[in-house]
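Note sheet for the following structure.
Read the figures in this text as sums done on the coordinates, not as results from a lab. This is a predicted model, so every value here is computed, not measured. Cβ placement follows ideal geometry from the backbone for every residue including glycine, while neighbour counts extend to all protein chains displayed.
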Amino acid sequence: MELVILARFRAREGRDDAVAPSLPDVVARTCEEPGRLANDAYRSTRNPRLFYIFNGKCVQPRTPALATRPPAFGHQHPRSTGLASG
């Protein structure tokens with residue numbers, strides 16, 4: 001079974017250029033997860049404060065997908081602390 005996660009978040013006013021450099025670290029951590037199919041990070045071309053993180057993985061059907069949380073999504077990168085709004 002495939003599980004796709006698309007996280008969308010908006011950087012705080014004036015902090016968008018501080019968020020962008022931390023995204024490669026987030027993508028690198030998710031590359032190490034078992035069952036990874038694809039992952040990447042994107043910045044909106046229309047709104048420079050808007051970012052997306054895509055993660056696709058293969059999970060075993062007998063494992064409840066929502067009961068397990070990928071480790072990288074439970075961790076906030078130190079450089080991004082306080083940069084995202086709402």
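Here are the numbers for the structure shown:
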quantity	calculated
Amide H contacts of ARG36 (H built 1.01 Å from N, under 5 Å, at least 5 apart or other chain)	CYS58
For the stretch 28-38, 3J(HN,Hα) per residue [Karplus equation, 6.51 cos²θ - 1.76 cosθ + 1.60, θ = phi - 60°, Hz, x = Gly/Pro]	4, 5, 6, 5, 7, 6, x, x, 5, 9, 6
Burial order of peptide ranges 23-33, 48-58 (average beta-carbon count within 10 Å, highest first)	48-58, 23-33
Point-to-point label distance, SER44-MET1, nm (Cα→Cβ direction, 7 Å offset)	3.2
